[in-house]
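Peer 1: Could you have a look at this structure, given as structure tokens, before my questions?
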Amino acid sequence: MKRNPTKSTGSPVPPGHTRYTSCGIAAAADSAGPPVPPGPTGSKVTRIWKILVGPPLRADQVTSEELSPVEGLPALSLDALTSVAYGPQAIALVLAGAGAVALKFALPITIAIVVLLALLVSSYRQVIEGFPQGGGAYAVSRAHLGAGFSRLAAASLIVDYTLTVAVSIAAGVAGLVSAFQPLAPYTVLLCLAMLAIITLLNLRGLGDSARAFLLPTAAFIVGLLAVIVVGIIHPIAPHVYQPGKSLVATHALQVIGVLLILKAFSSGCSALTGVEAIANGVPLFEQPRVRRAKQTELLLGVILAVMLLGLGVLIAHFHVAPRMHDTVLSQVMAISVGRTWAYYTVTISITIVLGMAANTSFGGLPILASLLARDNYLPHLFSMRGDRLVYTKGVWVLAVLSGLILVVVSGNTDTLIPLFAIGVFTGFTLAQAGMVIHWRSNHAPGWRWRAMLNAVGATVTGLATLVFVFSKFVAGAWIVVIAIPAIMLLFQHVHRYYAAVGKELDIFGSTNVPVPHCDLLVLVPITGITQLSRATISQAMTFGGEVVAVHVAFPDAGSEEEEMRKRWERWNPGVPLVMLQTRYHSVVRPITRYVLQAIHDGKDVVVLIGEMEPRLLRHRLLHNQMGTVLSMSLRRHTDATVAILPMHVND
């Protein structure tokens, strides 16, 4: 066994350092000393985990995780790019309820969505320029619309990011099941496996995940564009058999009117989710960040517009209708290139990239959560980077929430679509409304046409949000309508707590200055006379003040109490032993009462708890964790200073 090395208070003071003494306690300023020896290597599980996520990165290595415009596509744009897999599907599903005649409106609706895409891309390029610190709709709302609207924007984005992960993965697996239908019973397991892989890659760092996804992203874009070109010029299998039952109503169940068109338009707008992610993640880009982020936003807009228009033309030309267990995109590819190796190759690439589209959220939500934490709307731990310079808490929370959603909906994309676009379109509306105020207030060159562009975008996206809420409310949108205010209440509660704590901790609100206390009592709880007791008492004696060892005697201990006293006198460590009597089998309660009484008597109390620290995790479970439980009780019920002294065991 070995104990952590401790600094002796009698050590000489290095030149240039000052020793301060108070109440007999001596201290020296930190000096450059020998390097800290490495700690225990940890369990096999810990070592494997470090191999999976990679070694820690220094703060100055953060540039290795920054993105180029091309890397920005797989890191922050896959959600938008891969929405072609479910955007046209959502339009067709709504129109199919009114019969085959209604499907002719799919192409005009797609064109309208592409026009809105152009508005959004132009708007978010302006957001990038005006708010290079990131945050997107939240940053714009906070600056120009006030705290209430900024909380609404943040809550909407959190809902959107979480649903984006679930929808992307579910859509990817749906495409795989369309091509390989025997996999249908394993849909949920496939979804969770894909989520685990994406989470692990993002724990390694966004740069690693972007580079890992670059080749599949290129294959997806090139493959789908090739399918579109072949389908337009000369489809290979125009009469290919399409499996699955048709979902088109045999008799018109709805009147083809404005409301139906608006409903189909709002459903198809799910193809625009993810357009805002680049503006949220501007700090992730290489310098000059603004220019590179704007380049990525433009690149995203052009590629997505071409794919949406191309698929819209083919859907109309081939008279594609939604079918059970066969997506609209799968049908278009089958007609264009046949169910050949090309079909299966593109299908697999789409499945992979659809799953990876969740990466957009893993790039955006942790940054948003860090900004919220710095503004005291989320716990401060969300603003802390991990060893890989990633906001790991945000990554874990996003993974857990999206995993729960996938399990609840059994990986069904159609179940998630009604919940999907409300959050992101609320963010669209607030961001563009805020940008109108932004341009009117600073009068930059061309501010009038910029403000008009944002005003039109805010109006259109606001109307789309309302249509989506009312048309999909019963189908599940009510969940989002409840979730967003609930998250806003959470923000308010956290902010109120931090405000109260900040007021209590404000040192400049009073004239108090540090005052040394000489009446120091150091308590050392012990369960027996061991090497751990010796080490803990030795450390306590270096603190200065009065040192007392405390031992709790249980009512059924019999002669053990007297035996403990005799052994203590024989050992004679130079500090008194206090035996605490209790009628219960609890060590925590009597020690807590003793500490409270000492504080009441005017003592400044330090409780030093010695703990065994096995090297292997499984061996730690063999100890009673009494030190952890006792420290939690003391911190909760007393103002004592509580410290843990670990003794490492070479097991």
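Peer 1: What is the residue count in segment 578-612 for residues that are over 41 Å from the mean Cα position of the chain (by Cα) and under 16 Å from G528 (Cα atoms)?
Peer 2: Matching residues across segment 578-612 total 4.
Peer 1: From the residues in segment 188-209 that are of a type outside the set (A, V, I, L, M, F, W, C) and modelled with pLDDT under 85, which one is nearest to the chain's Cα centre (by Cα)?
Peer 2: Filtering segment 188-209 down to residues of a type outside the set (A, V, I, L, M, F, W, C) leaves 199, 202, 204-205, 207-209.
So of that shortlist, the ones also modelled with pLDDT under 85 come out as 202, 204-205, 207-209.
Working: N202: 10, R204: 14, G205: 13, G207: 16, D208: 17, S209: 15 Å.
So the residue we want is N202.
Peer 1: Regarding A342, is this residue at negative phi, out of contact with any Asp or Glu (no Cβ under 7 Å at 6 or more places or on another chain) and assigned to a helix (DSSP H, G or I)?
Peer 2: On the way: at negative phi: yes; out of contact with any Asp or Glu (no Cβ under 7 Å at 6 or more places or on another chain): yes; assigned to a helix (DSSP H, G or I): yes.
Yes.
Peer 1: Is it fair to say A316 is at pLDDT 85 or above, closer than 22 Å to V84 by Cβ and surrounded by fewer than 20 Cβ atoms within 10 Å (Cβ to Cβ)?
Peer 2: Values: at pLDDT 85 or above: yes; closer than 22 Å to V84 by Cβ: yes; surrounded by fewer than 20 Cβ atoms within 10 Å (Cβ to Cβ): yes.
So A316 passes the test.
Peer 1: Further question on the same structure: State yes or no: is R565 among the basic types (K, R), free of Cβ contacts under 8 Å to residues at least 24 places away in the same chain and surrounded by 12 or more Cβ atoms within 10 Å (Cβ to Cβ)?
Peer 2: Working: among the basic types (K, R): yes; free of Cβ contacts under 8 Å to residues at least 24 places away in the same chain: yes; surrounded by 12 or more Cβ atoms within 10 Å (Cβ to Cβ): yes.
Yes: the conditions hold for R565.
Peer 1: Which members of segment 590-610 meet the condition of being assigned to a strand (DSSP E or B) and of a type outside the set (G, A, S)? Give the derivation first.
Peer 2: So in segment 590-610, the residues assigned to a strand (DSSP E or B) come out as 604-610.
Listed by number, the residues that qualify are D604, V605, V606, V607, L608, I609.
Peer 1: I've got another one for you. Hey, any hits in segment 289-298 for a residue that's assigned by TED's automatic domain parsing to the domain that holds P88, modelled with pLDDT under 75 and surrounded by 15 or more Cβ atoms within 10 Å (Cβ to Cβ)?
Peer 2: No, segment 289-298 contains no residue that is assigned by TED's automatic domain parsing to the domain that holds P88, modelled with pLDDT under 75 and surrounded by 15 or more Cβ atoms within 10 Å (Cβ to Cβ).
Peer 1: Sticking with this structure for a sec: Could you tell me whether any residue of segment 508-522 is aliphatic (A, V, I, L, M), in contact with a Gly (Cβ under 7 Å, 6 or more places away or on another chain) and either modelled with pLDDT under 85 or not in a strand (DSSP E or B) (or both)? Steps first, please.
Peer 2: First, the residues of segment 508-522 that are aliphatic (A, V, I, L, M): 513, 515, 520-522.
Now drop any that are not in contact with a Gly (Cβ under 7 Å, 6 or more places away or on another chain), which leaves 520-522.
From the residues that got through so far, the ones that are either modelled with pLDDT under 85 or not in a strand (DSSP E or B) (or both) too are none.
No, that holds for no residue.
Peer 1: Assess whether Y594 counts as being assigned by TED's automatic domain parsing to the domain that holds G528, at pLDDT 90 or above and among the aromatic types (F, W, Y). Spell out how you get there, then give the answer.
Peer 2: Values: assigned by TED's automatic domain parsing to the domain that holds G528: yes; at pLDDT 90 or above: yes; among the aromatic types (F, W, Y): yes.
When the stated conditions are applied, Y594 passes them.
Peer 1: In segment 326-334, is there at least one residue being modelled with pLDDT under 85 and surrounded by fewer than 23 Cβ atoms within 10 Å (Cβ to Cβ)?
Peer 2: So far as segment 326-334 goes, yes, one or more of its residues are modelled with pLDDT under 85 and surrounded by fewer than 23 Cβ atoms within 10 Å (Cβ to Cβ).
Peer 1: Exactly one condition in (1) in a helix (DSSP H, G or I); (2) modelled with pLDDT under 85; (3) crowded, with 17+ Cβ neighbours inside 10 Å is not met by P185; state its number.
Peer 2: (3)
Peer 1: Only one of T459, T426, T465 is β-branched (V, I, T) and either assigned to a loop (DSSP other than H, G, I, E, B) or at pLDDT below 85 (or both). Can you tell me which? Steps first, please.
Peer 2: Numbers: T459 fails: either assigned to a loop (DSSP other than H, G, I, E, B) or at pLDDT below 85 (or both); T426 fails: either assigned to a loop (DSSP other than H, G, I, E, B) or at pLDDT below 85 (or both).
Residue meeting the stated conditions: T465.
Peer 1: Limited to segment 137-168, what total is found for residues that are closer than 13 Å to H438 by Cβ and buried (at least 24 other Cβ atoms within 10 Å of the Cβ)? So that I can check it myself, show each step before the final result.
Peer 2: So the first thing to find is which residues in segment 137-168 are closer than 13 Å to H438 by Cβ, and the list is 137, 139-145.
Then keep just the ones that are buried (at least 24 other Cβ atoms within 10 Å of the Cβ); that gives 137, 139-141.
The total comes to 4.
Peer 1: Going by the conditions given, is L381 surrounded by fewer than 22 Cβ atoms within 10 Å (Cβ to Cβ), touching a Lys or Arg at 6+ places or on another chain (Cβ under 7 Å) and assigned to a helix (DSSP H, G or I)?
Peer 2: On the way: surrounded by fewer than 22 Cβ atoms within 10 Å (Cβ to Cβ): yes; touching a Lys or Arg at 6+ places or on another chain (Cβ under 7 Å): yes; assigned to a helix (DSSP H, G or I): yes.
Considered against the rule, which asks whether it is surrounded by fewer than 22 Cβ atoms within 10 Å (Cβ to Cβ), touching a Lys or Arg at 6+ places or on another chain (Cβ under 7 Å) and assigned to a helix (DSSP H, G or I), L381 comes out as yes.
Peer 1: OK, next. Could you count how many residues in segment 394-412 are crowded, with 21+ Cβ neighbours inside 10 Å and within 9 Å of the chain's Cα centre (by Cα)?
Peer 2: The number of residues fulfilling the criteria is 4.
Peer 1: Would you list the helices (runs of 4 or more DSSP H) that sit entirely within segment 76-130 and hold 2 or more residues that are in contact (Cβ under 8 Å) with a residue 24 or more places away in the chain and closer than 19 Å to D326 by Cβ?
Peer 2: Fully inside segment 76-130 and qualifying: 87-96.
Peer 1: Also, I was wondering about something else. Do you know which residues across segment 568-588 are among the charged types (D, E, K, R) and either free of Cβ contacts under 8 Å to residues at least 12 places away in the same chain or closer than 22 Å to Q539 by Cα (or both)? Break it down into steps so the answer makes sense when it comes.
Peer 2: At the first step, the residues of segment 568-588 found to be among the charged types (D, E, K, R) are 569-570, 583.
Once the filter is applied, which keeps residues that are among the charged types (D, E, K, R) and either free of Cβ contacts under 8 Å to residues at least 12 places away in the same chain or closer than 22 Å to Q539 by Cα (or both), segment 568-588 yields E569, R570.
The values are calculated or read from the model by the stated rules, or taken from the named source; none is laboratory data. For clarity, every value in this text was computed on a predicted model and none was experimentally measured. Neighbour counts run over all protein chains shown; Cβ positions are idealised from the backbone, glycine included.
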